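Participant: Pasting a structure below so you can have a look.
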Amino acid sequence: MLLAQLLAQYQPQAVLNFAAESHVDRSIHGPEDFIQTNVVGTMRLLQSVRAYWQGQDEAARAAFRFLHVSTDEVYGSLSPTDPAFTEHNKLEPNSPYSASKAASDHLVRAWHHTYGLPVLTTNCSNNYGPLHFPEKLIPLLIVNALAGKPLPAYGDGLQVCDWLYAKDHCSAIRRVLASGRVGELYNVGGWNEKPNIEIVHTVCALLDEMRPKADGTPYQSQITYVTDRPGHDRRYAIDASKIERELGWKPAETFETGIRKTVQWYLDNPDWVAHVQSGAYRDWVQTQYADTP
Ligand code: DAU
């Protein structure tokens, strides 16, 4: 009802679905919210948008877009020698989170094929940057390092992710919205595959340089190997050549420039960090890292 009212009031030319429960570890502790938000929520959004879209005149219907923001995790896990994920990979999600996102990707596809809704889907790799909630690896490392707390690497720390600066993800979404072909998927990534432990060392080295510890010890002395995430995917890698070839999109940041900006932002914004670490965040850290020494 609220969605129908908002759509009628604002008459958007496009709807972008960024809404999601996004944290894999939380989905392992409690899958229900993920099904509700990512699956049922997407279905409800699609239904409201479809009703709105069908009520538009022909020109508005032709110009309208529903852009669904998804993830590389729907494709599952790669071996060290597999080629990076293309848009032709099968969906083989392995966590409750990625299964819920894959389900929503299927819904979006179905609303296009069945009802003709003009949809676009983007599947992006790991994002990082300012304002990233410190339940995710990179902001967690920065805030824990500065607080003198353990830097938790799951398992052997050799899982590989493909990292993209969040602003570059935004520019990719804009490009797909403006010029993407209706009904198509576009993989978005930064060509930045790195093992987690390398990320941990990079963050430690930047902090050693930008905010050295008073006692002169390096931040890497805080690294702690902890129990692995159940069902942890071993490697993600995005082949972003379709979006580059068809739409001329490329990331502006390298990992080196993006991670430096990110660390600097957290150093400059302790009030934001303190604010988001209050209340429910503390309960989450207690649940997830209870066994960390
Ligand atoms: O690949 C795209 C996905 O990236 C998005 O779809 C998800 O919404 C987003 O949360 C992110 O998922 P990850 O599970 O990859 O992100 P996270 O920051 O939780 O973990 C990154 C890697 O670091 C992963 O291999 C698990 C590991 N990790 C994570 C945490 C929080 C650790 O080793 N220690 C930690 O404390």
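The values are calculated or read from the model by the stated rules, or taken from the named source; none is laboratory data. Model, not experiment: these values are computed from the prediction. FYI the Cβ positions are ideal-geometry reconstructions off the backbone, even for glycines, and counts take in every protein chain you see. Ligands, DNA and RNA are stripped out before the accessible areas are found, and what is left, the full protein with its side chains, is counted by its heavy atoms. Shrake-Rupley method; radii C 1.70, N 1.55, O 1.52, S 1.80 Å.
Participant: Among the listed residues Gly258, Gly231, which satisfies the condition of being within 19 Å of the chain's Cα centre (by Cα) and part of a helix (DSSP H, G or I)?
Facilitator: Values: Gly231 fails: part of a helix (DSSP H, G or I).
After ruling out the rest, the residue left standing is Gly258.
Participant: Sticking with this structure for a sec: Quick check on Ile243: is it within 21 Å of the chain's Cα centre (by Cα), within 25 Å of Asn94 (Cα to Cα) and open to solvent by less than 40 Å² (accessible area, probe 1.4 Å)? Break it down into steps so the answer makes sense when it comes.
Facilitator: Numbers: within 21 Å of the chain's Cα centre (by Cα): yes; within 25 Å of Asn94 (Cα to Cα): no; open to solvent by less than 40 Å² (accessible area, probe 1.4 Å): yes.
The answer is no for Ile243.
Participant: Further question on the same structure: With the requirement that a residue be part of a loop (DSSP other than H, G, I, E, B) and either surrounded by 23 or more Cβ atoms within 10 Å (Cβ to Cβ) or in contact with a Ser or Thr (Cβ under 8 Å, 6 or more places away or on another chain) (or both), what does the range 73-85 give you?
Facilitator: Residues of the range 73-85 that are part of a loop (DSSP other than H, G, I, E, B), as a first pass: 76-84.
Within the range 73-85, just Gly76 meets the criteria.
Participant: To continue, here is another question. Where residues in the range 150-181 are within 14 Å of the ligand (Cβ to nearest atom) and of a type in the set (Ser, Thr, Tyr), which of them is farthest from His68 (Cα to Cα)?
Facilitator: Residue satisfying both the conditions and the ranking: Tyr154.
Participant: Restricted to the range 11-55, and to residues that are more than 16 Å from the ligand (Cβ to nearest atom) and part of a loop (DSSP other than H, G, I, E, B), which residue is most open to solvent (accessible area, probe 1.4 Å)?
Facilitator: Gln13
Participant: Just one of the numbered conditions (1) in a helix (DSSP H, G or I); (2) touching a Cys at 6+ places or on another chain (Cβ under 9 Å) is not true of Ile243; which one?
Facilitator: Against the list (1) in a helix (DSSP H, G or I); (2) touching a Cys at 6+ places or on another chain (Cβ under 9 Å), Ile243 comes up short only on (2).
Participant: Taking the stated definitions as given, is Tyr154 in contact (Cβ under 8 Å) with a residue 24 or more places away in the chain and either in contact with a helix residue (DSSP H, G or I) (Cβ under 6 Å, 6 or more places away or on another chain) or of a type in the set (Lys, Arg) (or both)?
Facilitator: no
Participant: Which of the residues that make up the range 198-250 are hydrophobic (A, V, I, L, M, F, W, C) and more than 30 Å from Val74 (Cβ to Cβ)?
Facilitator: Across the range 198-250, the qualifying residues are Cys204, Ala205, Leu206, Leu207, Met210, Ala214, Ile223.
Participant: Checking Thr202 against (1) assigned to a helix (DSSP H, G or I); (2) within 23 Å of the chain's Cα centre (by Cα); (3) farther than 20 Å from Thr292 by Cα; (4) without any contact (Cβ under 8 Å) to a residue 40 or more places away in the chain, which test does it fail?
Facilitator: The failed condition is (4).
Participant: Using the structure shown, decide if Gln5 is assigned to a helix (DSSP H, G or I) and under 19 Å from the mean Cα position of the chain (by Cα). Please lay out each step first, then the result.
Facilitator: Numbers: assigned to a helix (DSSP H, G or I): yes; under 19 Å from the mean Cα position of the chain (by Cα): no.
Criteria not met by Gln5.
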